[in-house]
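Working notes, beginning with the structure itself.
Quick note: the coordinates plus some simple rules give every number you see, no bench work behind them. This is a predicted model, so every value here is computed, not measured. No Cβ is skipped: glycine too gets one built from the backbone with ideal geometry, and neighbour counts run over all protein chains shown.
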Amino acid sequence: MSVWQPDSNETLLARAPVTFATGEAMRVSGMRWFRDTQRRDMQSELAGWPAGPQYAARSTADTAARNTVKGAAIAAGVAVLSFLSAHGGNLGGTPGTGHGTNTSNDHADEIDDFPVMWAAPGTIARTLPWQLDPGRSSEKRYRTHAVVTDRRLVIVGFPYVKGNDRLIDDELLWETPRSAIRSIELRDFKLGHDAKVIFTDDSWCRLGSVSREKLTRNLIEPLDSIPLETLTSAQRHTAESFAAAQAPDFQTPLVRRNPCGCLRVEVLAPSTIGALFGHPSLDTVMDAQGKELELTEYHPEDFLS
């Protein structure tokens, strides 16, 4: 088994599952398209890609019918919940991510159409690997992860065996330097799992990840980790003690200063990688004196989004 690792002079920042996103609006639900800059389907032009599903956006009539059925289901669900509430039923549920919204700010690319690749010939987005497409590579058998370092964005893939989350045998599928990424746009329509990655040549892709914030903040935030040798002895002791307690193969802890003045300590360890969520969040916060804070002592700026 082999876990992809950065070069010796490169810093690993994050690893999380990623695929091309999937449409959520009724007209494009469950679908995705690969478009040229004239909005034409160009997936047959992508070098080395196997054939994939051909989608057609639903008609207005079909969408209206589906919305009617959905509305009836929601109404029935509300009636059941009201009955249970009135009779003392337990209505506890699982909270969502808090990022999703039913309002789209991009009608053309989220309601009428759902491109996950927008690229002229010869541009960066066209080089992305086909394994990112759930329509071509089933997540039941194969998983793709994005890896962020201080130098590049990498896509790796590996066979997936249900029930064995630690079975990781990485294949390097794609990479691009951070300098080739112009910007990252978070897309919150419906689930709030998507992000648009815009490259410097104006091509872009839309990716989805259950760990979107972990990936994107490490591409959006400045690379401003504080070297351990510049910390006070108390701060360094706290950072290194926390790292050593996480896993035997812990890497040098990443320390960043939050806007409130507290220091966030993050730790990555190859042995903790899992197929479902990539690197888990191993982090803590300490104050300026090096004291590790309890969760109840965090400032709003100390919480990761």
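Things worth noting here:
- Size descriptor, Kirkwood hydrodynamic radius, that averages inverse alpha-carbon separations across the range 228-302, Å: 12.8
- Here the gap between H299 and L228, fully extended at 0.36 nm per residue and compared with their Cα-Cα distance, gives a gain of 23.3 nm.
- Evaluated over the chain, the count of Lys pairs having alpha-carbon atoms less than 26 Å apart is 9 (only pairs 8 or more residues apart or interchain).
- Label zone at M26 (point 7 Å along Cα-to-Cβ), backbone N below 14 Å, the range 98-112: 111-112
- For the range 147-217 and the range 260-285, distance of Cα centres in Å: 17
- The distance between label points at S271 and Q5 comes to 1.4 nm (points 7 Å beyond Cα on the Cα→Cβ vector).
- Likely footprinting exposure, V265, V147, fewest C-beta neighbours within 10 Å first: V265, V147
- Annotation for the range 100-119 versus the range 28-51: alpha-carbon center distance of 15 Å.
- Of K291, K214, the sequence from fewest to most neighbouring Cβ atoms within 10 angstrom is K291, K214.
- Scaled against 2.2 N^0.38 Å for its residue count N, the alpha carbon radius of gyration of the range 113-245 is 1.25.
- Positive contributions from Lys and Arg (+1) and negative ones from Asp and Glu (-1), summed over other residues with Cβ under 12 Å from the Cβ of A269, come out at -1.
- Inverse mean reciprocal Cα-Cα distance (Kirkwood Rh) of the range 165-305, Å: 17.0
- Formal net charge of residues neighbouring L167 (Cβ-Cβ distance under 13 Å; K, R +1; D, E -1): +1
- Taking the inverse of the mean reciprocal distance over all distinct Cα pairs, the Kirkwood hydrodynamic radius of the chain comes to 21.7 Å.
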